[in-house]
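Q: Just dropping this structure here.
The values are calculated or read from the model by the stated rules, or taken from the named source; none is laboratory data. Note that the structure is predicted; figures quoted are calculated from it, not measured. Quick reminder, even Gly has a Cβ in these numbers, built from the backbone with ideal geometry, and neighbours come from all protein chains shown.
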Amino acid sequence: MKFKVAVIGAGYFGQRHIKILTEMSDVEIVGVVDIDINKAKEVADNYGLRYFSDYRDLVNEAEVFFVITPTVTHFDIGLDLIKHAKAIFIEKPLTERPAFAEILLEEAKNRNVIIQAGLIERYNPVVKALFNSLTEPLFIQTTRVSPFLGRATDTDVTYDLMIHDLDLVWMMLKKVGDFELKRMKVFTQKIVTSRIDYATVWMEFSTKRGIIKAHLTASRVSSDFLRQISVVQHNSVLYADLINKKLKKVDQGGNIDDINVTDKDSNSLYEEIRDFLNSVKNGKPSVQAPSPRETIEVLRIIDEINERREYEAIY
């Protein structure tokens, strides 16, 4: 049996999804959708696929939809597809507001519909190796920057880039145990677009093991591409390069060791899509993808960052 799939959005990320889906033997793409019909035709013709300007033309044919459209459209499209009992993969962020995400996820739960938000770094092999090397993190630093590419200008860099690292920081903290955000300092700046282009955040979390601090920076107006995570622990420092898929450890003696990254050549997007389709097949949400609670928690923090809601609580 083949999955009958429709891809909504023929832009940069939509094309990446289409390319991978066409390589899967158990997938049949029944149509490519874009409100720019010329764009839909151009992309669809490359793969011998049909094209449409309205996803509703495919509701009776497709059972699985990939929503790779501007963030502001996610809620309306997602809610409509859930009401038609369609399985949905929505590229990050799930919605532009946490309240919208809550409605989508609750509706999907009530109707027993599989919905998954795309957070590709969860499938990065170096991230998996990093998590296996974590013991007692004291300080986490993330850097996710790129030159201005003219993409995703409809949303803030916090939703476009920083969301990945917030998700990973939350995962690291949950590996330690229960935690609570106690202090947050924020700097954001609009530079090229009318949305936030540069953001840096300082966070302090209270845990049973003590205070864990984190510093996250995201920019789409950088001079270079960087995707890096550093984790300071009691007896070592871990350095992860998410682009080049390298992980290094500096121990107490100052020795630098390369940590083996399993499946280094795997394609993270392929693994993410495969995981989602397996969830659809099994009728159960993925354990590797973000849970509804995790999705909403991260969106709420981004909302606070965007509104520069700094606060300080007593530990």
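Q: Do we find that Val298 is in contact (Cβ under 8 Å) with a residue 24 or more places away in the chain, farther than 22 Å from Leu216 by Cβ and buried (at least 18 other Cβ atoms within 10 Å of the Cβ) in this structure?
A: So Val298 does not fit the description; no.
Q: Sticking with this structure for a sec: Select from the stretch 223-234 the residues that are assigned to a loop (DSSP other than H, G, I, E, B), under 23 Å from Val145 (Cβ atoms) and of a type outside the set (Phe, Trp, Tyr) and list them in ascending order.
A: Listed by number, the residues that qualify are Ser223, Asp224.
Q: Out of all the residues in the stretch 276-297, which are closer than 21 Å to Asp26 by Cβ and in contact with a helix residue (DSSP H, G or I) (Cβ under 7 Å, 6 or more places away or on another chain)?
A: Pro285, Ser286, Gln288, Ala289 - these are the residues of the stretch 276-297 that are closer than 21 Å to Asp26 by Cβ and in contact with a helix residue (DSSP H, G or I) (Cβ under 7 Å, 6 or more places away or on another chain).
Q: Consider Lys213 carefully, then state whether it is among the basic types (Lys, Arg) and either free of Cβ contacts under 8 Å to residues at least 40 places away in the same chain or under 18 Å from Glu307 (Cβ atoms) (or both).
A: So Lys213 does not fit the description; no.
Q: For the stretch 213-222, state whether one or more residues are assigned to a strand (DSSP E or B), under 17 Å from the mean Cα position of the chain (by Cα), modelled with pLDDT of 95 or more and among the small types (Gly, Ala, Ser).
A: Looking for residues that are assigned to a strand (DSSP E or B), under 17 Å from the mean Cα position of the chain (by Cα), modelled with pLDDT of 95 or more and among the small types (Gly, Ala, Ser), one finds at least one in the stretch 213-222, hence yes.
Q: How many of the residues making up the stretch 143-191 are assigned to a helix (DSSP H, G or I) and either under 13 Å from the mean Cα position of the chain (by Cα) or in contact (Cβ under 8 Å) with a residue 60 or more places away in the chain (or both)?
A: Of the residues in that region, 15 qualify.
Q: Quick one: Glu294 ticks every box in (1) in contact with a His (Cβ under 9 Å, 6 or more places away or on another chain); (2) under 29 Å from Ile18 (Cβ atoms); (3) outside the structural domain of Ala108 (by TED's automatic domain parsing) bar one, so which box is it?
A: (1)
Q: Considering only the stretch 193-203, state which residues are buried (at least 17 other Cβ atoms within 10 Å of the Cβ) and in a strand (DSSP E or B).
A: Tyr198, Ala199, Thr200, Val201, Met203, listed by residue number.
Q: In the stretch 80-102, what count of residues is obtained for those that are touching a Leu at 6+ places or on another chain (Cβ under 7 Å) and more than 21 Å from Lys281 (Cα to Cα)?
A: 6
Q: Would you be able to say whether some residue in the stretch 118-140 is crowded, with 23+ Cβ neighbours inside 10 Å, more than 30 Å from Ile259 (Cβ to Cβ) and of a type outside the set (Val, Ile, Thr)?
A: no
Q: Oh, and also: Looking only at the stretch 249-295, how many residues end up being out of contact with any Asp or Glu (no Cβ under 6 Å at 6 or more places or on another chain) and not in a loop (DSSP other than H, G, I, E, B)?
A: Going through the stretch 249-295 one residue at a time, the tally reaches 24.
Q: Among the candidates Ile273, Ile259, single out the residue that is within 21 Å of Asp160 (Cβ to Cβ) and modelled with pLDDT of 95 or more.
A: After applying the criteria, what remains is Ile273.
Residue-wise test of (1) in contact (Cβ under 8 Å) with a residue 40 or more places away in the chain; (2) within 30 Å of Glu304 (Cα to Cα); (3) of a type in the set (S, T, N, Q); (4) out of contact with any Cys (no Cβ under 9 Å at 6 or more places or on another chain).
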| position | (1), (2), (3), (4) |
| --- | --- |
| Ser25 | no, no, yes, yes |
| Val32 | no, no, no, yes |
| Ile35 | no, no, no, yes |
| His74 | no, yes, no, yes |
| Glu91 | yes, yes, no, yes |
| Pro98 | yes, yes, no, yes |
